[in-house]
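Laboratory data are not the source of any read-out in this text; all were calculated from the coordinates shown. Being a predicted model, the structure only gives us computed values, none of them experimental. Note: ideal-geometry Cβ built from the backbone for every residue, glycine included; neighbour counts use all protein chains shown.
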């Protein structure tokens, strides 16, 4: 999960007077905020500071953040999809790889792993078609039913871009990469198997043999966990809306797990956070591996002492 | 699911120049829009036109709709919870029972069942504490962790109110009642078992023996479907984010099912809607009973011809 962010006063300090998009392209500042959680909250891994929409303007899409992505001209016509470029990310967003390179240098002596990430095709397409975040994504869903071929052409281009983007991140030093499918969990199981799962498999297939494991996160995906386990990802990252012990028994022999405490529970008293982290580790224990984590990124109001309690509790498990 | 609503031009016509709250209290108009879906879209049951917040102002809470409930002074202190009244709904919202009585009269000759409904305690508390709808309900969740006793005192009062309200609806002519827990699906399984499930059980227990079955809908509840099945409700209403065939096998011998087509799929071509309705009926067939329905209410942009295709497809199944 993204660790840097608005819950940290030190992050807000670095962000002052600069837009989110400019911040993503500002190598020194992006490096700085990526590293902040190590010392500030005791994180044991570092994830690149960027947004899942970082590589999208390079396709020829005009967008802004308010704070979620807002697409100037939502993609709803075949001609718009055809016009989209699939750029080489090394050329369209060179700063991403420079940030990764500098982070690897900074982390080399500390034995702290570096993670890269990308948005999954369905989630990127969801924003591009809908035009922004949405409770129901009904414009997207109408298009899925009325003109699935066009949506699939868009998913195709996004898949190609995502593969190139993740490969380039691994080349630049990412030691694991996480694929975020924020909105695929809004689909019923049959629709998920058609419009989300095959693209995960394609991406996992393309990265097979790369020196970095793939972590797949499908938000709100408890109803499709069987498919997620068959995506080809090495690690399945779960939010809190799953019965962790059961998932660990059901799919934990095929994949490792990551997660899954509700970030809102970091408002709890310190002893209660320790207890919940222990319960989580116990529940996940049937899995072949488990990365203790939250089930979603920190929220702007997440208390820093709660995040510290979490990492302290994780270390206390030994 | 609520059938009347903004997707119907005839509903919008009746709503013109009147606020949502006034509309709920306007007996002739509420009766009129409750009945509209029978002839306009071919619905085979009628649900009372109201909102889950209908009985809440009678507790002493000032609220408005914009369009979801907005609480003038969110309930965050013990003193506020203590001050809440548990009114007799027959006195605080007499119009609800007058509407039900008139609907029963209107439906008597047509063999069309009449449904009442209420919001579940957790969902009502979620809005009352948070102050409005929210993506994360982090104020609510912080309070759950920091002052659970106070939230539980609030849940207690809301449970008592909900029992009285549903009993009075059944006395006034409701032939089945639906309990909507819109936000309980945001909880992890352990939190759900503590703050949502026991209140469902209390309500189901209190209604046992009443001449109206209880239907329980927990939005986004695929991870707690085992608990839902043990709530004591006669029918479990599902949204589309479950594997229906599996749920029908797992819990369909204990409870009947209702649902669960994604309302956004009503944008599909008519033949495709017929196909999806058949698939849904097949998937649910292991259950002891199944009420064909959507997985959520219609959205403002739901096409009326899509809703008609759904009811035609249901009738075509015989």
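Full extension of the chain segment joining residue B:270 with residue B:88 gains 60.9 nm, where the gain is 0.36 nm per residue of separation less the Cα-Cα distance. Where the centre of each part is set by its Cα atoms, how far does segment B:10-50 sit from segment A:1-73, in angstrom? Rounded to whole Å, the Cα centres lie 47 Å apart. Between residue B:160 and residue B:304, the contour length at 0.36 nm per residue exceeds the Cα-Cα span by 48.0 nm.
With Cα atoms defining each centre, segment A:164-217 and segment A:268-291 are spaced 26 Å apart in the structure.
Relative to the compact globular guide of 2.2 N^0.38 Å, what is the alpha carbon radius of gyration of segment A:155-309, as a ratio? Kindly include the intermediate steps, with their values, before the conclusion.
Values: Rg = 16.0 Å, N = 155, 2.2 N^0.38 = 15.0 Å.
Computed over Cα atoms of segment A:155-309, the ratio equals 1.07.
For a test of the definition: using alpha carbon positions, the gyration tensor, and the 1.5 limit on a/c, classify segment A:262-318 as rounded, prolate or oblate. In terms of gyration-tensor shape, prolate.
Rounded to whole Å, the principal axis extents of the Cα atoms in segment A:9-237 read 53, 38, 31, largest first.
First measure r as the distance between the Cβ atoms of residue B:316 and residue A:109, then evaluate 1/(1 + (r/R0)^6) with R0 = 45 Å and state the FRET efficiency to the nearest 0.05.
Values: r = 70 Å, r/R0 = 1.55.
Calculated value: 0.05.
Springs between alpha-carbon atoms under 10 Å, Gaussian network over chain A: tell me which of A:39, A:164, A:262 tops the mean-square fluctuations. Most flexible of the set in this elastic network: A:39. Can you bin the protein assembly as shown into rounded, prolate or oblate? Criterion: square roots of the alpha carbon gyration tensor eigenvalues sorted a ≥ b ≥ c, rounded for a/c under 1.5, prolate for a/b above b/c, oblate for the rest. Because a/c hits 1.5 or more and a/b exceeds b/c, the protein assembly as shown counts as prolate. Nearest beta carbon of chain B to the B-to-A rotation axis, with distance in whole angstrom: B:222, 3. Convex hull volume of the Cα atoms of segment B:1-131, normalised per residue: 107 Å³. Between copies, residue A:22 shows label-point distances of 4.8 nm, shortest first, with the point placed 7 angstrom from Cα along Cα to C-beta.
What does DSSP give for chain B in terms of the percent of beta bridges that are antiparallel, rounded to the nearest 5?
Numbers: 3 of 26 bridges.
Of all bridge pairs located within chain B, approximately 10 percent are antiparallel.
Largest first, the extents of the alpha carbon coordinates of segment A:1-45 on the three principal axes equal 27, 18, 17 Å.
Can you say what percent of the DSSP beta bridges in the protein assembly as shown, counting only those with both residues inside, are antiparallel? Round to 5.
Of all bridge pairs located within the protein assembly as shown, approximately 10 percent are antiparallel.
Distance between the 7 Å Cα→Cβ label points at residue A:39 and residue A:201: 4.7 nm. Contact order, relative form, for segment B:103-226: 34 percent (alpha carbon pairs under 8 Å, 6 or more residues apart, mean separation divided by residue count). Computed over segment B:112-217, the range of Cα coordinates on each principal axis works out to 44, 23, 22 Å, biggest value leading.
Thinking of segment A:180-223 as a set of Cα atoms, what percent of all their pairs are more than 13 Å apart? Intermediate values should be presented prior to the final figure.
Numbers: 523 of 946 pairs.
In whole percent, the long-distance tail amounts to 55.
Ellipticity at 222 nm from helices only: DSSP H runs of n ≥ 4 in chain B, each -39500 (n - 2.57), divided by the residue count, give -14500 deg cm²/dmol.
Note on segment B:158-269: antiparallel DSSP beta bridges, both residues inside, total approximately 0 percent of the bridges counted. Highest mobility in the GNM of chain B, judged by mean-square fluctuation with C-alpha springs under 10 Å and restricted to B:79, B:210, B:174, is found for B:79.
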